[in-house]
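Here is the structure we will look at.
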Amino acid sequence: MTTHKKVGIILAGGESRRYGTPKALERIDGLYFYEKAIQVLQPVVDEMVLVAHPTIKGRIKTPITVVTDLQKYQGQGPLAGIYTGMMTIPGHDYFVLACDMPVMETEIFQQLYAVKTMLPPDCSVIPTVDEKLQPLAAIYSYATKEEIPTLLDAGERRLTDLLQNTNCAYIQYSSIEPFKNINKPEDYTKLRN
């Protein structure tokens, strides 16, 4: 790998059937969730790509590159979204953030990257809180790029499948706060209050 480029991959998700409306288009502090995610990653990456569902792609207004899943893996979840981002902008380290974590902080990614620089280059860094993995706010190494299509082609779509098959370091956080994700309308109501 010649470049040490840091690439931000924002997962904007899709129709959010469980939630009712696209979560990427909800707002916090006057910003759309996807804009908040861009704001979090901007200081720590060289370039960014946002991966969105075709139904919301046209509603996302941002100067960064916006794409939909690669045709072959269309609609196969976050793993497909991460791979699409990796294939769109080649890099060395991929800073992945799902936009339904609207209170995430840049500082978390700065900490993860500080740890990453002390590890073998093929190692990904995944935060955990109370023994729960947080793979949608993590840094993935270039080495995972080769493993993902193998998993997707085998029908394995879980991020944990990727983590079990690649070199990872896990960083324990004591507070769930920055990793809180919005799954239900009640979560959003609570966040706004």
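Looking across Leu136, Leu163, Leu151, one residue alone is crowded, with 18+ Cβ neighbours inside 10 Å and more than 17 Å from the chain's Cα centre (by Cα). It is Leu151. The residue list Thr21, Thr65 contains one member that is under 20 Å from His92 (Cβ atoms) and not aliphatic (A, V, I, L, M), which is Thr65. Considering only residues of segment 65-104 that are surrounded by fewer than 16 Cβ atoms within 10 Å (Cβ to Cβ) and of a type in the set (A, V, I, L, M, F, W, C), which is nearest to Ile9 (Cα to Cα)? Taking the candidates together, the pick is Met87.
Of the residues that make up segment 25-32, is at least one touching a Gly at 6+ places or on another chain (Cβ under 7 Å), part of a loop (DSSP other than H, G, I, E, B) and surrounded by 17 or more Cβ atoms within 10 Å (Cβ to Cβ)? Checking segment 25-32: not a single residue is touching a Gly at 6+ places or on another chain (Cβ under 7 Å), part of a loop (DSSP other than H, G, I, E, B) and surrounded by 17 or more Cβ atoms within 10 Å (Cβ to Cβ). The residue pairs whose first member lies in segment 14-32 and is at positive phi, whose second member is surrounded by 21 or more Cβ atoms within 10 Å (Cβ to Cβ), and whose beta carbons are closer than 7 Å, counting only pairs six or more residues apart or on different chains, are Ser16/Pro22; Ser16/Lys23.
Of all residues in segment 177-190, those that are in contact (Cβ under 8 Å) with a residue 40 or more places away in the chain and of a type in the set (S, T, N, Q) have Cβ atoms under 9 Å from Cβ atoms of residues that are surrounded by 13 or more Cβ atoms within 10 Å (Cβ to Cβ) and part of a helix (DSSP H, G or I), 6 or more apart or on another chain, in Asn181/Lys23; Asn181/Asp187; Asn183/Lys23.
Pairing residues of segment 122-136 that are on the phi > 0 side of the Ramachandran plot with residues that are at pLDDT 95 or above, at Cβ distances under 7 Å and at least 6 apart in sequence or on separate chains, gives no pairs at all.
The values are calculated or read from the model by the stated rules, or taken from the named source; none is laboratory data. None of the values given here were measured: they were computed from a predicted structure. Glycine also receives a Cβ, built like all others from the backbone with ideal geometry; neighbour counts cover every protein chain displayed.
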